[in-house]
1. Can you tell me which residues in segment 221-230 are open to solvent by 30 Å² or more (accessible area, probe 1.4 Å) and either outside any helix (DSSP H, G or I) or at pLDDT 95 or above (or both)?
2. Looking at segment 483-494, can you tell me whether even one residue there is in contact with a Phe, Trp or Tyr (Cβ under 7 Å, 6 or more places away or on another chain), surrounded by fewer than 22 Cβ atoms within 10 Å (Cβ to Cβ) and assigned to a loop (DSSP other than H, G, I, E, B)?
3. Within segment 652-676, count every residue that is under 19 Å from Glu705 (Cα atoms), among the hydrophobic types (A, V, I, L, M, F, W, C) and open to solvent by 60 Å² or more (accessible area, probe 1.4 Å).
4. Would you point out which residue out of Asn693, Asn712 is of a type in the set (S, T, N, Q), in contact (Cβ under 8 Å) with a residue 60 or more places away in the chain, open to solvent by 30 Å² or more (accessible area, probe 1.4 Å) and touching an Asp or Glu at 6+ places or on another chain (Cβ under 9 Å)?
5. Here is a list of conditions, (1) farther than 26 Å from Asn491 by Cα; (2) of a type outside the set (Phe, Trp, Tyr); (3) modelled with pLDDT of 95 or more, and Ser581 meets all of them except one; can you say which number that is?
6. Looking at (1) under 25 Å from Tyr95 (Cβ atoms); (2) open to solvent by less than 30 Å² (accessible area, probe 1.4 Å); (3) out of contact with any Gly (no Cβ under 6 Å at 6 or more places or on another chain); (4) in a strand (DSSP E or B), which one does Tyr203 not meet, given that it meets all the others?
7. State whether the residues of segment 307-318 include one that is open to solvent by 40 Å² or more (accessible area, probe 1.4 Å) and modelled with pLDDT of 95 or more.
8. Answer yes if at least one residue in segment 166-181 is β-branched (Val, Ile, Thr) and either assigned to a strand (DSSP E or B) or surrounded by fewer than 18 Cβ atoms within 10 Å (Cβ to Cβ) (or both), and no otherwise.
Amino acid sequence: MNISNKIIENHGLKIEEFENIKKLLKREPNLLELGIFSAMWNEHCSYKSSRIHLKKLPTKGKQVIQGPGENAGVIDIGDNDAIVFKIESHNHPSYIEPYQGAATGVGGILRDVFTMGARPIALLNSIHFGSPEHAKTKSLLNGVVSGIGGYGNCIGIPTVAGETKFNETYNENILVNAMAVGHALKDKIFYSKAKGLNKSVVYVGSKTGRDGIHGASMASAEFDENSEEKKPTVQVGDPFTEKLLMEACLELMKDNSIISIQDMGAAGLTSSSVEMASKGGLGIELELEKIPCREENMTPYEIMLSESQERMLIILEDGKELEAKKIFDKWDLDFVVIGKTTKTNNLTLKYNNKTEGEIPIEALASKAPLYDRKWIKKKPKKIEINLKDLKKIKIEDALIKILSSPNHSNKSWITNQYDQSVMCDTALKSGSDAAIIRIHNKDKAIAVSVDSSANYCKSHPLTGGKQIVCENWRNLIAVGAKPLAITNCLNFGNPENKEIMGEFAECLEGIKEACEFLNYPVVSGNVSFYNGTNKKNIYPTPVIGGVGLIKKLKYPLNLNFKKENSILILIGKTFGHLEQSCFLKENYSLNEGMPPEINLLNEKNNGESLLKLINESFVLSCHDISSGGLITALAEMSINTEFGAKIQKPKKLTNLLRYFFGEDQARYVIEIEAINLSKVEKILKDNEVYYENIGHTQKEYFEIEGELKFSNKDLFKINNEWYNNY
């Protein structure tokens, strides 16, 4: 078959890339081989535009067992326990078919975790939608939330934390990022590196269909007005089959049968076989007629590029096939030896004894394109807002506006659709700064959180990249956990655009600086480019998923006030930074200026000092201060409890709007008992932490002296109003 320019373009390849393929093969590829190159050379699988920048990220540390390059990252939490975790995007499929797109995003990230030998213990998500008024937003929101809940609930993994945000930048390109966290024994981690010659290559799980063909390529291209036509490329998930597959794999992992194991995710059988062979420096030969298919007359092209869900590829030790098959038969899953490892260093594809494709593994992996794309630095717009130029607003009215806005309203109607307690180890559900999951039958626990801040990253990518790592760090500390490592999902527009590539490069530099300073390495992640429609790109949206350790869980520390007449301490200095703030966006529709400055020394010192207070059991409740400023944090601490707060006016910063709504970083509010005040102050002073005594708790009311007074019940009504009416 003659490969035309149109066929090349339809496969998401550039003409110059096709010419490179011909050089590597020393001939022209056939259609099957072209499809395989298309799958392995797209952005989603090859990271061809991002690898050069990703290499700069810190990925090592005493706590790191496995960094980027495997199905998921692995960290050591002591006592032979390990935590396995990763976040990935399923943006394009979720826009086209929200239920299945979100559901299969959850299924895919779960397989990344249990293929490492870990039992999944928690799911998180970061989901971003367009303006609430946009015609598609409500149906997309309902579909995505139903898909996340439907898959997670059916498989029996708690969905414990996340974020739901709205911004017109996502009107035509929503973001659905799914994170999974698993627990494994440190000495029973499984990897995808193939080893040994003539070892059995085994297909397990569900049957192969025509769903998801070119799914990875679709994820590496911009949308246009014809995106609806791409529905056939969205995978279809079956959580009940995934549950069977998970249990069968974990059972097989109890002995020493498995040499390597890889889930069939993006690009399906193609990527799993190529990645295993590439890491092991081997070849792999597949007999495609042996693949269990659920549709008739599937071609080798369709078999290799299908992204049907709930499938795994395993390389077994000699003589282990029969016992392994018994396990998968018990769980009513397909188990078929479909090939073997070879010394050819090629991907050899046979169909009814005829060789249909023969490609050097290195041509698909190590020799995939690597681009150092041109990028330009963001020119900062240092605009300082003069509040005197704006229409006067009362603190009370400004707070109401924020608490009743889509991004700050109570989202329990979403989280109530997720089973947060299944498995019985959820110690703290969503609604606080982070969720807490106990390690089964042990006193210790992990804290998990996901965070993003697109407006900061759009305004000044370098600062935004630093800020979102620090925000995630603070969220873990606020529940008493020592932050250990992160995974990231980097959602950006078209990398061929110099401005977009600049946003990516600078955000990565900010993430790198913060992670290095905080000893908070990146152990896994995902890059999602081409998030845009008709040349209109989304805001840069790096999502950070963090994991922290609580060595001994005495009680779950959350953000709700606990007692009457407790002392309230503000940790960290307030300068009153309002540019890029929630206050200006919600009250004046202004989204201008620079993000708040990030002082990494203060972030680290304030956070570590707070952890000392928490470990000494001095802290009754804690909340980090971020979007909406101090007043929003205090209101959130009052909403879901019988106790509120009485806050005094500041003595130094005279502008109350700047003081209460400023989004200065490295700050927390803590509640302590009056009897412990001197001890707390001593620790803060000894560690040179700036703090203020800002008031005390009281029953039933949130109050700022002379400015506002709300009952907690009224705050609750205000906070629920938008979602109740949407």
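The values are calculated or read from the model by the stated rules, or taken from the named source; none is laboratory data. Everything numeric here is computed off the predicted structure, so don't read it as measured data. Methodologically, a virtual Cβ is constructed for each residue, glycine included, from the backbone with ideal geometry; neighbour enumeration extends over all protein chains shown. These accessible areas exclude ligands, DNA and RNA; they are computed on the full protein's heavy atoms, side chains included. Shrake-Rupley method; radii C 1.70, N 1.55, O 1.52, S 1.80 Å.
1. Keep residues of segment 221-230 that are open to solvent by 30 Å² or more (accessible area, probe 1.4 Å), which gives 221-222, 224-226, 228-230.
Ala221, Glu222, Asp224, Glu225, Asn226 - these are the residues of segment 221-230 that are open to solvent by 30 Å² or more (accessible area, probe 1.4 Å) and either outside any helix (DSSP H, G or I) or at pLDDT 95 or above (or both).
2. For segment 483-494, residues in contact with a Phe, Trp or Tyr (Cβ under 7 Å, 6 or more places away or on another chain), surrounded by fewer than 22 Cβ atoms within 10 Å (Cβ to Cβ) and assigned to a loop (DSSP other than H, G, I, E, B): present.
3. The number of residues fulfilling the criteria is 0.
4. Values: Asn712 fails: open to solvent by 30 Å² or more (accessible area, probe 1.4 Å).
That would be Asn693, the only listed residue that is of a type in the set (S, T, N, Q), in contact (Cβ under 8 Å) with a residue 60 or more places away in the chain, open to solvent by 30 Å² or more (accessible area, probe 1.4 Å) and touching an Asp or Glu at 6+ places or on another chain (Cβ under 9 Å).
5. (1)
6. Checking Tyr203 against (1) under 25 Å from Tyr95 (Cβ atoms); (2) open to solvent by less than 30 Å² (accessible area, probe 1.4 Å); (3) out of contact with any Gly (no Cβ under 6 Å at 6 or more places or on another chain); (4) in a strand (DSSP E or B), the one that fails is (1).
7. Yes, there is a match, as at least one residue in segment 307-318 is open to solvent by 40 Å² or more (accessible area, probe 1.4 Å) and modelled with pLDDT of 95 or more.
8. We begin by selecting, within segment 166-181, every residue β-branched (Val, Ile, Thr); these are 169, 174, 176, 181.
After this cut, where a residue has to be either assigned to a strand (DSSP E or B) or surrounded by fewer than 18 Cβ atoms within 10 Å (Cβ to Cβ) (or both) as well, the list is 176, 181.
There is at least one residue in segment 166-181 that is β-branched (Val, Ile, Thr) and either assigned to a strand (DSSP E or B) or surrounded by fewer than 18 Cβ atoms within 10 Å (Cβ to Cβ) (or both).
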